[in-house]
């Protein structure tokens, strides 16, 4: 039987000469058509180097607010050494005659883009085959690497070249600033946590950020993470909450109890009054459209989380509870190195998916030490097992409740049990500071403190 398997090493790279010429020709006869091409293709999408150079020159002229003119394009190409005067004039003339109208430029662009993706897929396939045939290859790492390569192609990252500062500013930066300044572009703006004083300091949750919530066991890191996740989900943003400690039912019960303002123990015992049932049904009706999704998988890895988020699609924010229970994909000598690998993968996940990732983390016993420390308030150095947590995180929040140490106080009755502090200990984008919160233990609810009743 004839061997039908294609040898990808000898495969010719596919491209469409006609489509590439049509895109450039359409812009030459109608310069305004470039505004319809830029959202679909980039210079690197062209296969022929001279076509990349021509389109890049056109984009630069458009960015500078200069009308695209064949003579200006030619001057740019000549200075870059692609054409001399006669050859360049002749080729640009041919391009302008290659298409009668710019009406179908979007279709031409899509052909160029599709060919680019196919070429990138071929290159990625070669790399996957080469890696997979190496000795001692780890199957899990290979699968994750292969999935990442395919995902990058889908996201338009495959084969991405170095970008010049001015091109990034004129393109992505100005575009994002325009979106942020627009009242109608909510998707581009940081996601609000629902805790106004916290949002005033960190400006909300920014895309690609890794945010760590640190606290001692029992202080309420899961509660505040759930509160923020609920606040985001209720606005229509899609939130994925990965819990390695609690089941989906336990999490759902806690959110429901908090929303209904019912003591969570009642949902455990089932000892509910008619008024409780009314509150529960009202809360369920309100939470019906809450875009909050739970996952209770134990021993989950960061690649597993990333894959699930991709498959779910359109996730706006990810919560992980908590760092110490995340499984590592690598064999390491100690826990410190393992946590370092995980936090690095968390940051890369946030960057790759372009969404904020919020991860809870336990603090060491240092705040509870009997000597050498005047205050029980946590420090950023108390993050357990690894300094890489502080290094990789964009924002670090440290949760503290004075009532947690009530038994150690000389006058425990003077302690306000319903108060909490959330310290912004690190903020890569701006200031640090303390956020004063109200804590309702019955309903496991953190909320912004009413300043009218707070005596500083």
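Some notes on this structure:
- Some residue of the range 321-344 being modelled with pLDDT of 85 or more and under 13 Å from residue 239 (Cβ atoms): yes
- Test for residue 314: is it under 21 Å from residue 193 (Cα atoms) and either at pLDDT 85 or above or over 28 Å from the mean Cα position of the chain (by Cα) (or both): yes
- All conditions in (1) touching a residue at least 12 places away in the same chain (Cβ under 8 Å); (2) surrounded by fewer than 21 Cβ atoms within 10 Å (Cβ to Cβ); (3) touching a helix residue (DSSP H, G or I) at 6+ places or on another chain (Cβ under 9 Å) hold for residue 248, with the sole exception of (3).
- The range 215-229 residues that are part of a loop (DSSP other than H, G, I, E, B), paired with ones that are surrounded by fewer than 24 Cβ atoms within 10 Å (Cβ to Cβ) and at pLDDT below 90 (beta carbon under 6 Å, 6 or more apart): 216/363; 219/404
- Residue count for the range 349-366 under the criterion of being assigned to a helix (DSSP H, G or I) and either surrounded by 19 or more Cβ atoms within 10 Å (Cβ to Cβ) or touching a helix residue (DSSP H, G or I) at 6+ places or on another chain (Cβ under 8 Å) (or both): the result is 5.
- Filtered residue count, the range 193-210, keeping only those that are assigned to a loop (DSSP other than H, G, I, E, B) and surrounded by 18 or more Cβ atoms within 10 Å (Cβ to Cβ): 6
- Annotation: of all residues in the range 373-389 being within 16 Å of residue 422 (Cα to Cα) and part of a helix (DSSP H, G or I), the one that is modelled with the highest pLDDT is 380.
- Considering the conditions (1) touching a helix residue (DSSP H, G or I) at 6+ places or on another chain (Cβ under 8 Å); (2) over 22 Å from residue 214 (Cα atoms); (3) in contact (Cβ under 8 Å) with a residue 40 or more places away in the chain, residue 284 is excluded by exactly one of them, (3).
- Checked against the criteria, residue 203 does not count as touching a helix residue (DSSP H, G or I) at 6+ places or on another chain (Cβ under 9 Å) and more than 30 Å from residue 139 (Cβ to Cβ).
- Per-region count, the range 1-39, residues at pLDDT below 85, under 25 Å from residue 97 (Cβ atoms) and either not in a helix (DSSP H, G or I) or not assigned by TED's automatic domain parsing to the domain that holds residue 69 (or both): 1
The values are calculated or read from the model by the stated rules, or taken from the named source; none is laboratory data. Keep in mind the model is a prediction, meaning the values are calculated, not measured. For neighbour counting, all protein chains shown are included, and Cβ atoms are generated from backbone atoms with ideal geometry for every residue, glycine included.
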